[in-house]
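Participant: Before I ask anything, let me first share the structure, which is written out below as structure tokens.
Where a number appears in this text, it was derived from the coordinates with a stated rule and is not lab data. Bear in mind that the values here come from a model prediction, so they are computed numbers and not experimental data. Cβ sites come from the backbone with ideal geometry, for glycine too, and all protein chains shown count toward neighbours.
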Amino acid sequence: MTSPPVSPGVTRPHIVFPGGEPLLSALFSEGPLADRLHSLGTVTVHHDQPTADEATTRLVDADLAIIGTHLTPEGLGRLAARTRLLAFAGTGAASYIDLPTARHLGITVTNVTGYGDRAVAELALALLLAAARGVLDGDRAIRTGDWTGFPGPELFGSTIGVVGVGAVGRVFTTMVAALGMRVLAYDARPVADLTALGGPTARQVGLEELLAVSDAVSLHLPLNDATRGLLTPRHLDLLRPGTILVNTARAELIAPGALAARLARGDLRAACDVFDPEPLPADDPLLTAPNTVLTPHLGFRTPQALGRMAEGAVECVEAFVAGRPVRVVS
């Protein structure tokens, strides 16, 4: 596959990072990754968190860009005259960029995979433990002088439903199996080595069975046309009182409004790191829902994972300039 020309008459492309994650800005500004970008062309790196409109404005003179922020279809249209590559610094490019529009405009979109599998799985485990043992409630109580205490369940011997046994789901499965949890797995494809991951009692089951019998459920599916809105209100009604629902994948896996409605009944616990939209508006019902642990999309935010993410994005730019694009999603 041969890359399209960067721009007529341009021998050293202009590479832009419009801002977003501070550590990425730092890595692209100074050090080995910055040197690799500067060897390819001129480089502009922004250090704040732009809105979609601000990001678009910063990209209009970019031949190649590394991004981790949202771009609207209209914004992509403004870039079409010059920008040839959007190297998305992450895996879920479709959640941030309208891929059919980019394809129609001739803008190549690439992504980075595998950089944060363990980081996200570790956060999912942290959220599970926090929700099970009421860690945040305990923290708030002790700060007001309340030492009454309250019980929380042990996870050993309980049943965990892992929805999606891809890269992150596989790491998470080994973690919860090590805690002595019984693993049920749902995936669209057979998981041939499930017992190696989840122990001798691990089983692959249908989604409805998993939801109905699990003590905790953790979501690890990618977002695509087949999985968007996969969990409907009817599915959430299958969860028994006291079940813990952990979501470090994508909020859009759950039908709009369904989780808040189920939480309003007061008998479900949820621990979420992903939301739609992000940031949440101040009046979003999840912010006042009972029995919740909420974190601001922290899953991939470890120095190790961000370093791998930055490395992967630079590799995508280098490959594109060399005429051999890699990890193309559009």
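Participant: Is the shape of the range 89-154 best called rounded, prolate or oblate, per the rule: a/c under 1.5 gives rounded, else a/b larger than b/c gives prolate, else oblate, with a ≥ b ≥ c the square roots of the Cα gyration tensor eigenvalues?
Facilitator: It is prolate, given that a/c is not under 1.5 and a/b is the larger ratio.
Participant: Something else about it: Please say if the range 117-294 is rounded, prolate or oblate, where rounded means a/c under 1.5 for a ≥ b ≥ c the square roots of the C-alpha gyration tensor eigenvalues, and otherwise the choice is prolate for a/b larger than b/c and oblate otherwise?
Facilitator: Cα axes put the range 117-294 in the oblate bin.
Participant: Kindly put D193, D225 in sequence by how many other C-beta atoms sit within 10 Å of each C-beta, fewest to most.
Facilitator: D225, D193
Participant: Still on this structure, please answer the following. Under a point-charge model restricted to the Cβ atoms of Lys and Arg (+1) and Asp and Glu (-1), what is the dipole moment magnitude of the range 117-294 relative to its Cα centre, in debye to the nearest 20?
Facilitator: Numbers: 15 positive and 20 negative charges, 67 e Å.
That gives a dipole near 320 debye.
Participant: Separate question: Among V321, A249, L76, which residue has its Cα positioned farthest towards the positive end of the charge dipole of the chain, with +1 placed on the Cβ of Lys and Arg, -1 on the Cβ of Asp and Glu, and the dipole taken about the Cα centre?
Facilitator: So the residue furthest toward the plus end is V321.
Participant: Could you bin all the Cα-Cα distances of the chain into 20 Å bins starting at 0 and give me the percent of pairs in each, rounded to whole numbers?
Facilitator: Spelled out per bin, shortest first, that is 30, 51, 19, 0.
Participant: What is the magnitude of the charge dipole of the range 220-330 about its Cα centre, with +1 placed on the Cβ of each Lys and Arg, -1 on the Cβ of each Asp and Glu, and no other charges, expressed in debye to the nearest 20? It would help to have the intermediate numbers written out before the result.
Facilitator: Numbers: 11 positive and 12 negative charges, 69 e Å.
Using Cβ point charges on Lys, Arg, Asp and Glu, the range 220-330 gives about 340 debye.
Participant: Write down the percent of antiparallel bridges among all DSSP beta bridges whose residues are both part of the chain, to the nearest 5.
Facilitator: Roughly 5 percent of the DSSP beta bridges within the chain come out antiparallel.
Participant: Right, something else. Within the set of other residues whose C-beta is less than 10 Å from the C-beta of T72, count the net charge using Lys and Arg as +1 and Asp and Glu as -1.
Facilitator: Local net charge: -2.
Participant: A further question on this structure: Neighbouring Cβ atoms within 10 Å as the yardstick, rank V60, V163 fewest first. Don't skip to the answer; put the middle values down first.
Facilitator: Values: V60 13, V163 26.
Least crowded to most crowded, the residues run V60, V163.
Participant: Oh, and also: How would you rank S214, S158, going from fewest to most other Cβ atoms within 10 Å of each one's own Cβ?
Facilitator: S158, S214
Participant: Let me know the shape class of the range 199-314, please: from the alpha-carbon gyration tensor, a ≥ b ≥ c as square roots of the eigenvalues, rounded when a/c is under 1.5, otherwise prolate if a/b is greater than b/c, or oblate.
Facilitator: Details: a/c = 1.81, a/b = 1.25, b/c = 1.45.
Oblate, because a/c is 1.5 or more while a/b does not exceed b/c.
Participant: Counting Lys and Arg as +1 and Asp and Glu as -1, each charge on the Cβ, what is the dipole of the chain about the Cα centre in debye, to the nearest 20?
Facilitator: Dipole magnitude for the chain comes out near 560 debye.
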